[in-house]
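See structure below.
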Amino acid sequence: MTGEFMGIAGLVVLEGSIPILRDELAKIRKANQITRSEIKWSNIQKTDKQARFDFIDYFWFLLDKGRVDFHIRFAPFDKYDHKDYKGRRFDTTSRMFYELLLHRAVKHYGKWDRLFIRPDNGDCTSVLPHLKAGLNADGVRKYGTNPQCVDSITCLDSEAEPILQLVDVLLGAFTALRNNRALIGAKREVADHALKTLQKAATTCLQCILVLGVFLFGM
């Protein structure tokens, strides 16, 4: 919440693919001899940066094979009227999450699929489970979706969910670059790797080109 742009993101995975993704992420942890509980953007160290490289490469592999969809949004955080939310900035972030869920997840999948939404647990997502009815109603009104397309919204602890850790690493790297942060050390190397692989993927992937446009040019 300290940068000019706030970033939020979500990964779309078919329910039956979740155990496979978890197993493959566990193999990355084992190969890198990760003993700490979470692989996150915030706790990158020189000794474990390779695990973040591998997470990023694995993400592009999944996207290339059509095994996941990825949605990311950047918003100029300081332009939100935080007074509307009693001055609590995490409420503004909750609003951003709602908009991402409605205009991406519900819009693009809500006509045919059941959505099991699993946000990372925290203050800014704690309100989302109470907004299921609103998402379903807004989906019908705006996009003609199934009235019950959002089956459930349950916050999970990222410490126990490796897929959320994957999203955390991607989001942290892309948001740091979007804000032109003066990174140093291992974080700089991970962010550079994320940018390099993004640019490479964009040459063959329309979705990546769209992400690249948002990411590099603020479209």
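The values are calculated or read from the model by the stated rules, or taken from the named source; none is laboratory data. Quick caveat: nothing in here was measured; it's all calculated off a predicted structure. Here the Cβ is made from the backbone with ideal geometry for all residues, glycine too, and neighbour counts use every protein chain on show. The accessibility values were calculated without ligands, DNA or RNA, using every heavy atom of the protein model including side chains. Shrake-Rupley method; radii C 1.70, N 1.55, O 1.52, S 1.80 Å.
Here are the numbers:
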quantity: Qualifying residue in the stretch 131-144 (condition: in a loop (DSSP other than H, G, I, E, B) and modelled with pLDDT of 95 or more); calculated: yes
quantity: The stretch 86-102 residues that are at pLDDT 85 or above, paired with ones that are open to solvent by 50 Å² or more (accessible area, probe 1.4 Å) and outside any helix (DSSP H, G or I) (beta carbon under 6 Å, 6 or more apart); calculated: LEU100/ARG73
quantity: Subset tally (residues that are outside any loop (DSSP other than H, G, I, E, B) and either surrounded by 12 or more Cβ atoms within 10 Å (Cβ to Cβ) or touching a residue at least 60 places away in the same chain (Cβ under 8 Å) (or both)) for the stretch 28-60; calculated: 16
quantity: Search result, residues across the stretch 156-179 that are of a type outside the set (D, E, K, R), more than 14 Å from the chain's Cα centre (by Cα) and buried (at least 16 other Cβ atoms within 10 Å of the Cβ); calculated: LEU177, ASN179
